[in-house]
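S.K.: Got a structure here, written out as structure tokens. Questions coming.
The values are calculated or read from the model by the stated rules, or taken from the named source; none is laboratory data. This structure is a prediction, so every number in the text was calculated from the model and none was measured. Virtual Cβ from ideal backbone geometry, glycine too; neighbours counted across all protein chains shown. Note: accessible area is taken over every heavy atom of the protein model, side chains too, but ligands, DNA and RNA are not part of it. Shrake-Rupley method; radii C 1.70, N 1.55, O 1.52, S 1.80 Å.
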Amino acid sequence: MLKRILTGMSLLLVLLCGLLLANWLAPLNNTDTVRVDIRPGQTLSALSRQWQADGWLPSALVLRIQARLLGYERSLRTGEYDIPPGLNGTELLALLATATPVSYRIALIEGQPLREALRLLAAETRLQQDVEPFNEEQVARLLGINGSAEGWIYPDTYVFQRGEKVSVLLQQGYQRMQQQLQQAWEQRQPGLPYKTPYEALIMASLVEKETGVEYERAQIAGVFVRRLQKKMRLETDPTVIYGLGEAFSGNLRRSHLRDAANVWNTYRHRGLPPTPIALAGRKALEAALHPAEGAELFFVARGDGTHVFSDTLEAHNRAVREYQIRNRRTDYRSAPPPASPASAEE
């Protein structure tokens with residue numbers, strides 16, 4: 001009797017081992033790539049049960065046994081992972097322990113005012129929105145900026161993973177801008193009318209808003225620098241528009257140019273505006289700190305994104321009549337349209 005019991009138990013053990021081995025080597029049930037999202041605090045036990053319920057994991061129990069025996073029980077890392085078809089349980093565990101999580105990218109564009117960049121970040125649902133309220137004042141407090149945060153985020157493409165905090169991206173952008181500005185400042189051309197790197201950042205933002213044509217940036221900066229040196233007003237439309245903020249309807253009026261209450265209005269106030277007016281990239285910083293030499297004091301948009309530069313007011317007025325009045329294009333624009341902001345998977 002005992003012999004029969006032992007034999008039966010042995011057969012049962014062999015059967016169980018066979019079933020375990022079969023499940024151990026069994027491929028996952030997915031015929032297409034499956035994306036899993038592992039969040040902080042989630043356990044393999046809970047995840048495996050969910051994956052089994054989803055239908056692509058054959059056995060949550062076997063996966064947990066594999067994880068314990070192979071030492072993967074505590075190797076889960078947060079992030080999104082793509083599980084290709086054809087893997088078995090042990091290969092799944094190895095992938096989750098070693099693979100790079102899925103990443104995304106978001107582009108902050110040169111020439112955007114900060115408020116537009118913040119809208120783009122706020123609309124990115126894969127970021128954890130941990131800055132409340134998400135406005136320019138709160139961003140300045142987050143970054144430790146005494147004053148306006150405008151211009152202090154470097155326009156670049158930022159790579160992130162789902163669930164990453166938006167505050168982390170803002171801090172990265174601030175650090176990058178500080179580094180780029182300091183490096184450009186240390187290599188600046190002598191004799192410039194800036195007392196601080198911040199003034200150079202303001203100038204770079206003006207250059208960024210006035211032209212998207214790379215070869216014109218240094219020319220634009222040269223005009224502005226010479227006007228500052230001669231105590232002339234800068235008289236640049238983008239500063240007025242920035243001061244109008246959300247009230248700007250797309251039509252800049254003479255009354256706007258005469259408005260001295262607008263502290264960014266460089267038609268009424270001498271010198272640089274009090275803050276940057278947009279995100280400035282590396283090329284604009286270089287132009288602000290290495291302006292082109294010359295005698296030009298004026299420029300006017302042709303309407304195709306480029307400009308006519310003039311040394312005298314008389315020549316400038318002729319160019320204004322030519323391009324702004326007599327032959328104004330129906331598709332007129334003072335600068336090329338910026339690239340569309342992008343948010344995409346890496």
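S.K.: Taking segment 255-298 on its own, how many of its residues are surrounded by 20 or more Cβ atoms within 10 Å (Cβ to Cβ), assigned to a loop (DSSP other than H, G, I, E, B) and among the hydrophobic types (A, V, I, L, M, F, W, C)?
M.R.: Within segment 255-298, residues that are surrounded by 20 or more Cβ atoms within 10 Å (Cβ to Cβ), assigned to a loop (DSSP other than H, G, I, E, B) and among the hydrophobic types (A, V, I, L, M, F, W, C) number 6.
S.K.: Then there is this: Among the helices (runs of 4 or more DSSP H) confined wholly to segment 86-147, which include 1 or more residues that are open to solvent by 10 Å² or more (accessible area, probe 1.4 Å) and touching a residue at least 60 places away in the same chain (Cβ under 8 Å)?
M.R.: Hits in segment 86-147: 89-98, 114-122.
S.K.: Just one of (1) small (Gly, Ala, Ser); (2) surrounded by fewer than 18 Cβ atoms within 10 Å (Cβ to Cβ); (3) in a helix (DSSP H, G or I) trips up residue 184, so point out which.
M.R.: (2)
S.K.: State all residues of segment 30-55 that are in contact (Cβ under 8 Å) with a residue 24 or more places away in the chain and surrounded by fewer than 17 Cβ atoms within 10 Å (Cβ to Cβ); if no residue qualifies, say none.
M.R.: Result: 31, 32, 33, 35, 37, 39, 40, 42, 43, 55.
Matching residues to (1) over 22 Å from residue 115 (Cα atoms); (2) in a helix (DSSP H, G or I); (3) free of Cβ contacts under 8 Å to residues at least 40 places away in the same chain:
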residue	(1), (2), (3)
159	no, no, no
169	no, yes, no
174	no, yes, yes
201	no, yes, no
208	no, yes, no
217	yes, yes, no
220	yes, yes, no
223	yes, yes, no
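S.K.: Next up: Does residue 236 satisfy the condition of being polar (S, T, N, Q) and open to solvent by less than 20 Å² (accessible area, probe 1.4 Å)?
M.R.: In short, yes.
S.K.: Now for a different question. Can you confirm whether segment 63-82 contains a residue that is closer than 30 Å to residue 136 by Cβ, in contact (Cβ under 8 Å) with a residue 24 or more places away in the chain, open to solvent by 50 Å² or more (accessible area, probe 1.4 Å) and not aliphatic (A, V, I, L, M)?
M.R.: For segment 63-82, residues closer than 30 Å to residue 136 by Cβ, in contact (Cβ under 8 Å) with a residue 24 or more places away in the chain, open to solvent by 50 Å² or more (accessible area, probe 1.4 Å) and not aliphatic (A, V, I, L, M): absent.
S.K.: Consider residue 283 against the criteria (1) of a type in the set (D, E, K, R); (2) modelled with pLDDT under 95; (3) under 27 Å from the mean Cα position of the chain (by Cα): it satisfies all of them except one. Which criterion is unmet?
M.R.: (2)
S.K.: Give 198, 194 a once-over and let me know the one that is of a type in the set (Phe, Trp, Tyr) and within 22 Å of the chain's Cα centre (by Cα).
M.R.: 198
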